[in-house]
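Only the coordinates and a few stated rules stand behind these numbers; no lab work does. Since this is a predicted model, take the numbers as computed values, not measurements. Cβ sites come from the backbone with ideal geometry, for glycine too, and all protein chains shown count toward neighbours.
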Amino acid sequence: MGVKKIIAGVISCLLAVETVGCGSTGGQITSIRIGVSVYDQYDTFVSELIEHFNEYASEVSGTADYNVSVNIDVYNAAGSQTTQNSQVKAMLQDGCDIVCINLVDRTEPVTIIDMAEKKNVPVIFFNRELVEQDLERWDKLYYVGAKAFESGIMQGEIAADIFQTETSADKNGDGIFQYMVLEGEADHQDAIVRTEYAVNTIIEHGVQVEKLGYAIANWNRAQAQTKMAQILTQYGEQIELILANNDDMALGAVDALKAAEIDREQWPIILGIDGTDVGLAALKSGEIQGTVYNNKEGQAEKMFDLAFCLATGKSLEGLELENGKYIREPYTKMEGSNIAKTE
Ligand code: GAL
């Protein structure tokens, strides 16, 4: 058996153990091997996505349409592109038939692409989108994710809707929504695009806004709490809206408000994106007022189906790839009446 680097906390799905990839009997493929590398195993959304990927693989493997055994190795790149490149090298040496990569640095996919192309092993990039020119470098490169702008628009719509329907949202009664933004990684497509579209959408809906500040918290709850605590000392009760690029950072803001012992009635409106388990729990309990569901199940299942078809040589026709390369799952707004759907 090849060396297995199994990340802690996220299950590695071992449905069958094979010494090499793409096992076959008499020309018939009997097993496939999928290598996965995530940029950071502690990222809440990504770890939930991978958990679902493994669950789905266990569920479908062996059924009529997926009649081969599947072996999945999951690696944690722990924030290092160099580590991730070595992991891909190991996956290729271990005989993976397909690799699924959550790039650490979305501008640095070339080493991985070159290694995979030499071995003729297709690559599915996911969640951290590389530029189109890089995806065009070889015809066996794919991307699975979502349309970042859509989540920004939806978050902006939720914010505008709340401001226009709940008078208490305008705490100082000046008719202007005073907001601040908690941003993800500086160069991540979802951070840049979500912020821009959320703010523009609020304005397009006829709500006047005033930006009080922003902080980069790298998708991380603890970092968001620290940044939010600093911002609270500066702006305190002036803040009427917190636009967080993801749920974990929205929850970091909640943590900071609690730690500062600010009365719940004085809290600003807090909006996240992702609909992670903890995010949805906070929405239900009213700690945050809205989020936008980032369809991890859809992304995980379609990524598995694509990996499966590529590894077994099945047609990709039913997968409805955009431009033959992209799968993008739609987002869903989660607020008010929608909360019930999460029960
Ligand atoms: C985003 C997600 C964030 C974080 C990031 C990592 O799509 O909303 O929570 O997981 O991906 O790349």
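Annotations
- Histogrammed with a bin width of 5 Å, the alpha carbon distances of the range 176-308 distribute as 2, 11, 20, 23, 20, 12, 6, 3, 2, 1, 0 percent, first bin at zero.
- Per-peptide packing, taken as the mean over residues of other Cβ atoms within 10 Å, places 172-178, 245-251 in the sequence 245-251, 172-178 from highest down.
- Near Lys333, the amide H atoms lying under 5 Å from its own belong to Tyr293; only residues 5 or more places off or on other chains count, and H is placed 1.01 Å from N.
- Lys, Arg +1 and Asp, Glu -1 on Cβ, resulting dipole of the chain about Cα centre, debye, nearest 20: 980 debye
- Amide H partners (placed H, <5 Å) of Thr30, local residues excluded: Gly23, Ser24, Thr25
- The HN-Hα couplings worked out from phi for the range 169-184 by the Karplus form 6.51 cos²θ - 1.76 cosθ + 1.60 (θ = phi - 60°) are 5, 8, 4, 8, x, 8, x, 10, 8, 7, 10, 9, 10, 9, 9, x Hz, whole numbers, x standing for Gly and Pro.
- Working note: Karplus 6.51/-1.76/1.60 with θ = phi - 60° gives the range 113-121 the couplings 4, 4, 5, 5, 5, 4, 9, 6, 10 Hz, where Gly and Pro are set to x.
- Within the range 59-129, the ratio Rg/Rh, alpha carbon atoms throughout and Rh by Kirkwood, equals 1.01.
- Binned Cα-Cα distances of the range 89-238, short to long, each 10 Å bin given as a whole percent: 10, 29, 26, 17, 12, 5, 0
- Convex hull of Cα atoms in the range 96-183, direction-averaged projection (nm²): 7.8 nm²
- Cα lying deepest toward the dipole's positive end in the chain, options Gln93, Gly206, Leu141, charges on Cβ: Gln93
- Summed side-chain charge close to Gln178 - residues other than Gln178 whose Cβ falls under 13 Å, Lys, Arg +1, Asp, Glu -1: -3
- Beta bridges from DSSP with both residues in the chain: antiparallel share about 15 percent, rounded to the nearest 5.
- Net charge dipole, the range 93-248: roughly 300 debye, given to the nearest 20, about the Cα centre with Cβ charges of +1 for Lys and Arg and -1 for Asp and Glu.
- Rel. contact order, % - alpha carbon contacts under 8 angstrom, at least six apart, the range 51-187: 14 percent
- If the Kirkwood radius is taken over C-alpha pairs of the chain, then at 37 °C and 0.692 mPa s the Stokes-Einstein diffusion coefficient equals 156 µm²/s.
- Since only Tyr75, Gln223, Val104 are under comparison, the one whose Cα sits farthest along the positive direction of the charge dipole of the chain, derived from C-beta charges on Lys, Arg, Asp and Glu, is Tyr75.
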